[in-house]
């Protein structure tokens, strides 16, 4: 059964983006939010390799980034899943997946899961959009499609939010929560 991300009490709309520095599984370098953010809009996506909800939207994520990166929007993907329980989500496999799918954005590994906790991420995919001042303006689903729905993912909800930001308009505060696989927390 999919997890539906609920209201986030830790990171309400208007909150500043929590800082981080994580391993980029493609380049092998540690990258920080300060290095990756944009002065227009920054999209932080919690994804993973094995989730059917992420697999359903992976082509849409690539197209979304290709459409909006030239407009000055930054994209950052993070996997926070425990690779011990889910070896498919190990950094090595993340690098392979990023190359296979053609992610034009960094795919970071949240080894301690502290970043997912700071953002209040609950499932994959879970999308957070920050404005040019790094204030949270959107937290929710990419679009209304789901695996086996017969509909192709378009990232319509995220596109609407980004279009509003780029036009200098407020983002619609009515936002649908993300739906997907729960983040695979470590057994500590």
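The values are calculated or read from the model by the stated rules, or taken from the named source; none is laboratory data. Since the model is a prediction, treat every value here as computed from it, not as a measurement. Cβ atoms come from the backbone with ideal geometry, glycine included; neighbour counts cover every protein chain shown.
Go through the range 46-75 and report how many residues are assigned to a strand (DSSP E or B) and closer than 17 Å to residue 178 by Cα. Residues flagged as assigned to a strand (DSSP E or B) and closer than 17 Å to residue 178 by Cα within the range 46-75 amount to 1.
Exactly one residue out of 53, 68 is buried (at least 22 other Cβ atoms within 10 Å of the Cβ), within 15 Å of the chain's Cα centre (by Cα), farther than 27 Å from residue 148 by Cβ and at pLDDT 95 or above: that is 68. Determine, yes or no, whether residue 43 is outside any helix (DSSP H, G or I), surrounded by 21 or more Cβ atoms within 10 Å (Cβ to Cβ) and at pLDDT 95 or above. Yes, satisfied. Listed conditions (1) farther than 17 Å from residue 128 by Cβ; (2) over 15 Å from the mean Cα position of the chain (by Cα); (3) part of a helix (DSSP H, G or I) are all met by residue 34, apart from (1). Can you say whether residue 151 is without any contact (Cβ under 8 Å) to a residue 12 or more places away in the chain and either surrounded by fewer than 23 Cβ atoms within 10 Å (Cβ to Cβ) or in contact with a strand residue (DSSP E or B) (Cβ under 6 Å, 6 or more places away or on another chain) (or both), as far as the supplied structure shows? When the stated conditions are applied, residue 151 passes them. Among the criteria (1) out of contact with any strand residue (DSSP E or B) (no Cβ under 6 Å at 6 or more places or on another chain); (2) closer than 19 Å to residue 18 by Cβ; (3) surrounded by 15 or more Cβ atoms within 10 Å (Cβ to Cβ); (4) free of Cβ contacts under 8 Å to residues at least 60 places away in the same chain, the one residue 105 does not fulfil is (1).
Return the total of residues in the range 162-175 being surrounded by 13 or more Cβ atoms within 10 Å (Cβ to Cβ) and in contact with a helix residue (DSSP H, G or I) (Cβ under 7 Å, 6 or more places away or on another chain).
Quick first cut of the range 162-175, residues surrounded by 13 or more Cβ atoms within 10 Å (Cβ to Cβ) only: 162-166, 171, 175.
Going one step further and asking which of them are in contact with a helix residue (DSSP H, G or I) (Cβ under 7 Å, 6 or more places away or on another chain), we end up with 162, 166, 171.
Here the count works out to 3.
Please go through the range 4-38 and pick out each residue that is in contact with a helix residue (DSSP H, G or I) (Cβ under 9 Å, 6 or more places away or on another chain), surrounded by 15 or more Cβ atoms within 10 Å (Cβ to Cβ) and at pLDDT below 95. Once the filter is applied, which keeps residues that are in contact with a helix residue (DSSP H, G or I) (Cβ under 9 Å, 6 or more places away or on another chain), surrounded by 15 or more Cβ atoms within 10 Å (Cβ to Cβ) and at pLDDT below 95, the range 4-38 yields 8, 11. Checking 12, 18 one by one, the residue that is touching a strand residue (DSSP E or B) at 6+ places or on another chain (Cβ under 9 Å), part of a loop (DSSP other than H, G, I, E, B) and touching a residue at least 24 places away in the same chain (Cβ under 8 Å) is 12 and no other. Can you name every residue in the range 74-87 that is in contact (Cβ under 8 Å) with a residue 40 or more places away in the chain and either surrounded by fewer than 20 Cβ atoms within 10 Å (Cβ to Cβ) or over 22 Å from residue 31 (Cα atoms) (or both)? Selection gives 82, 84, 85, 86.
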